[in-house]
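Structure first, then comments.
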Amino acid sequence: MLPHKASTKRENFNLKGYKALIVTTSTSTLDKIDNATGKVLKKGRPTGVYASELTEPYYVFLDAQMEVEVASIKGGKIPIEKLSLLPLVRTKEDSRFLKDPVFQEKANHSKPIADIKIAEYDIVFLAGGWGAAYDLAQSKELSKKISEAYAAKKILGAVCHGPLGFIGAKKTDGSPLVEGVKMTGVTNRQIKLLMVGATPKHPETELRNANAQYESKTGLIDLFNNHVVVDKEHLIVTGQNQKGGIEAAQEALRLLGSLQK
């Protein structure tokens, strides 16, 4: 993932009485796998969710007076990319997490997505990280829950590899959820520059193949570019990489607030 230190300036929201759910990967190693069979060919280094993609949305929602729950594909302890918690790249929200026993308890005992009653939540936000490439798009349970959330007009959000969790979901007419939806996610070029291209799913490729209206920002130093896309028609907010966690979460709050007026 991409190193970053500073957090985006945050706005004040008050959505007391509403609930948000953050969903993460359960994959803890960067394995080389056979895409045809799913068989592990070679075990890889430890990985998981990139810390800020979990912590930043969590605190954006919590500070907006929302009740915030945490889930993962399999449940239990959420694997967190150790590199993302190093002091040089740790965000203010990461540091807050490390001193927050309530949040740590949630991260250590996350609910499995299969046990989640999606109708109880007003915002469903998918965190990324390299681990997400292995199980978000592949999870039938997550696809089912996201389809239900979309049909119920819940606010959906995701950042970096998180949009992979939308790939298997469907609209009420049976068409792919992302078809025709304005979205972003980490780019193929950014993945190539980070030299972690052996993961089974790449957001840009998957979103384009599913006919999403994929957008991204590029530039001279591509690793540091970010972009947040808000599709108001479909109530979906996506961020290009982990630098967009706060902005994407705030846009999700803004969408939720607009529905209450």
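Key figures for this structure:
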{"quantity": "Selection within segment 39-70 - in contact with a strand residue (DSSP E or B) (Cβ under 8 Å, 6 or more places away or on another chain), in contact (Cβ under 8 Å) with a residue 12 or more places away in the chain and aliphatic (A, V, I, L, M)", "calculated": "Val49, Ala51, Leu54, Met66, Val68, Val70"}
{"quantity": "Residue within segment 171-178 that is closer than 12 Å to Ser72 by Cα, crowded, with 24+ Cβ neighbours inside 10 Å and modelled with pLDDT of 95 or more present", "calculated": "no"}
{"quantity": "Pairs with Cβ under 6 Å, 6+ apart, first in segment 71-99 and within 21 Å of Leu142 (Cα to Cα), second assigned to a loop (DSSP other than H, G, I, E, B) and among the polar types (S, T, N, Q)", "calculated": "Ser72/Ser26; Ile73/Ser26; Ile73/Ser139; Lys74/Ser26; Pro79/Ser28"}
{"quantity": "Pick from segment 194-250, criterion of a type in the set (Lys, Arg), over 20 Å from Ile155 (Cα atoms) and not in a helix (DSSP H, G or I), ranking: modelled with the lowest pLDDT", "calculated": "Lys217"}
{"quantity": "Selection within segment 233-247 - more than 12 Å from Pro57 (Cβ to Cβ) and among the charged types (D, E, K, R)", "calculated": "Glu233, Lys243"}
{"quantity": "Where a residue in segment 180-198 is over 14 Å from Gly162 (Cβ atoms) and free of Cβ contacts under 8 Å to residues at least 12 places away in the same chain and its partner, wherever it lies, is crowded, with 16+ Cβ neighbours inside 10 Å and among the β-branched types (Val, Ile, Thr), with Cβ under 6 Å and at least six apart", "calculated": "Gly197/Ile191"}
{"quantity": "Selection status of Ala119, part of a helix (DSSP H, G or I), crowded, with 23+ Cβ neighbours inside 10 Å, of a type in the set (Gly, Ala, Ser) and at pLDDT 95 or above", "calculated": "no"}
{"quantity": "1 or more residues modelled with pLDDT of 95 or more: qualifying strands (runs of 3 or more DSSP E) within segment 18-88", "calculated": "19-24, 67-72"}
{"quantity": "Positions within segment 33-65 being under 22 Å from the mean Cα position of the chain (by Cα) and on the phi > 0 side of the Ramachandran plot, in sequence order", "calculated": "Gly48, Gln65"}
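The values are calculated or read from the model by the stated rules, or taken from the named source; none is laboratory data. As the structure is a computational prediction, the values presented were derived from the model and not from experiment. Don't worry about glycine lacking a Cβ; one is built from the backbone with ideal geometry, like all the others, and counts go over all protein chains shown.
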